[in-house]
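For reference, the structure discussed in these notes is given below.
Read the figures in this text as sums done on the coordinates, not as results from a lab. This structure is a prediction, so every number in the text was calculated from the model and none was measured. Glycine also receives a Cβ, built like all others from the backbone with ideal geometry; neighbour counts cover every protein chain displayed.
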Amino acid sequence: MKLNKLIIGMTMALGIVASAAAQTTMKISISTSQNSHQGVAIDTFAKEVEKRTGGRYKVQTFYSGALGGERESIEAVQLGTQELAFSSTGPVPNFVPETKILDVPFLFRDKAHARAVLDGPIGQDLLGKFDAKGFKALAWGENGFRHMTNSKRDVKGPEDLKGLKMRTMENPVHIAAYKGFGIITTPMAFPEVFTALQQGTVDGQENPLSVIIASKFDQVQKHLSLTGHVYSPCIWVMNKAVFDKLSAADKQAFLDAAKEGTKANRARVDEDDAKGVADLRAKGMTVIDNIDKSKFVTALAPVNAEFEKQFGKANIEKIRNYK
């Protein structure tokens, strides 16, 4: 009897060791805080992966640029030193140039239009462009419409932007557009932005309300203008070799987990957009919300002509007119 118990005990112990050994841990990172639209995304994703793979895969979550800025994280995924990242598309054109077109200013009418484009054939076709660069793009997420903040003055029209020193993403389309407004552009990784604003290295920055709130930019910026000049998607990227090694069922689990993460992510962006202005006003920011966007569009006419040459007018129109 004792021997039987011993054998059963040993078998159970070996079973526990085997199941522990069978669990594969992967890392995913974001540049914003856990309490943000991106934090909600990766927390949901991690929970869904574990649930959908019966605990065989565990995703460790890292926040606030703990593993580096967005560009470094995407690079790490490409190299295979990190399995996953959830990032705004800011630095993505440096890796997958075809995504540049999404950064054209005033391309999308509203969030519903942007989401329809990304979830439809145009967005799905772009996801396929990542494969050749060492990534598996699992799904599109959302950063939101970008707005301008600065410490110097109210920005009511494009002329108010001239001479402002603004942090920009490491993104060639953004940089070209902002130079068109007369902004002195300063490309910088996101984890450095708060300190640069605090020390006056730059006058301002531009980001969606979700990022402005989560990053507490109200502490170092006085003026906010709801310019909504660029829609900023997010992207779920996974190292291609790691994805390819998964079974068909596990591949589907990761794809479905990313979709669930996106749902939570977009819901949080909607929530932040709905309450963000009142929240930031209460914290002492001056908010200009009656912006005449047509003036900004007109100011960018020469830059837009360049974009049409670069991307093809038909390709831009296809996105603009997507129903």
Between VAL287, GLN199, THR32, whose Cα lies farthest towards the positive end of the dipole of the chain when Lys and Arg beta carbons carry +1 and Asp and Glu beta carbons carry -1, centred on the Cα centre? THR32
Based on DSSP H runs of at least 4 residues, each adding -39500 (n - 2.57), what is the mean residue ellipticity at 222 nm of the chain after dividing by all its residues, to the nearest 500 deg cm²/dmol? -14500 deg cm²/dmol
What angle, in degrees between 0 and 90 and rounded to the nearest 10, separates the Cα long axis of helix 70-79 from the longest principal axis of the Cα atoms of the chain? 40 degrees
Just rank GLU306, GLU50, fewest to most, by other beta-carbon atoms within 10 angstrom. GLU306, GLU50
Computed on Cα atoms only, the convex hull of the stretch 25-183 has an orientation-averaged projected area in nm² of 10.5 nm²
Along the dipole axis of the chain (charges at Cβ: +1 for Lys and Arg, -1 for Asp and Glu; origin at the Cα centre), the most positive-end residue among VAL92, VAL269, PHE135 is PHE135
In terms of the charge dipole of the chain, which places +1 on Lys and Arg and -1 on Asp and Glu at the beta carbon, the residue among THR61, ILE319, VAL230 farthest towards the positive end is THR61
Taking the number of other C-beta atoms within 10 Å as the exposure measure, put ARG115, ARG146 in order starting with the fewest. ARG115, ARG146
Total charge dipole magnitude, the chain, about the Cα centre, Cβ charges on Lys, Arg, Asp, Glu only, Debye to nearest 20: 440 debye
Mean projected area (nm²) from the convex hull of Cα positions in the stretch 20-84 is 4.4 nm²
Once you place label points 7 Å from the Cα toward the Cβ at ARG109 and GLN252, how far apart are they in nm? 3.6 nm
Partner aspartates and glutamates for LYS275 [C-alpha distance under 16 Å; skip if fewer than 8 residues away on the same chain]: ASP218, ASP289
Can you give the Rg/Rh ratio of the chain, where Rg is from the C-alpha atoms and Rh is the Kirkwood radius? 1.06
Do the alpha carbons of any pairs in LYS47/LYS283; LYS136/LYS263; LYS27/LYS165; LYS111/LYS133; LYS152/LYS263; LYS111/LYS179 sit beyond 31 Å of each other, and which pairs? LYS47/LYS283; LYS27/LYS165; LYS152/LYS263
Counting sequence-distant residues (5 or more places) and residues on other chains, those with an amide H built under 5 Å from that of VAL230 are PHE106, ARG146
For THR81, what charge total do you get from the other residues with a beta carbon under 11 Å from its beta carbon, if Lys and Arg give +1 and Asp and Glu give -1? -2
Mind putting a number on the dipole of the stretch 159-299 about its Cα centre? Charges go on the C-beta only, +1 for Lys and Arg and -1 for Asp and Glu, and I need it in Debye to the nearest 20. 140 debye
Summing Lys, Arg as +1 and Asp, Glu as -1, what charge do residues with Cβ under 11 Å from the Cβ of SER29 carry, SER29 excluded? -2
In the Gaussian network model of the chain, springs joining C-alpha atoms below 10 Å, which of THR61, THR81, THR286 carries the largest mean-square fluctuation? THR81
So what is the relative contact order of the chain, in percent, for Cα pairs below 8 Å that sit 6 or more residues apart? 25 percent
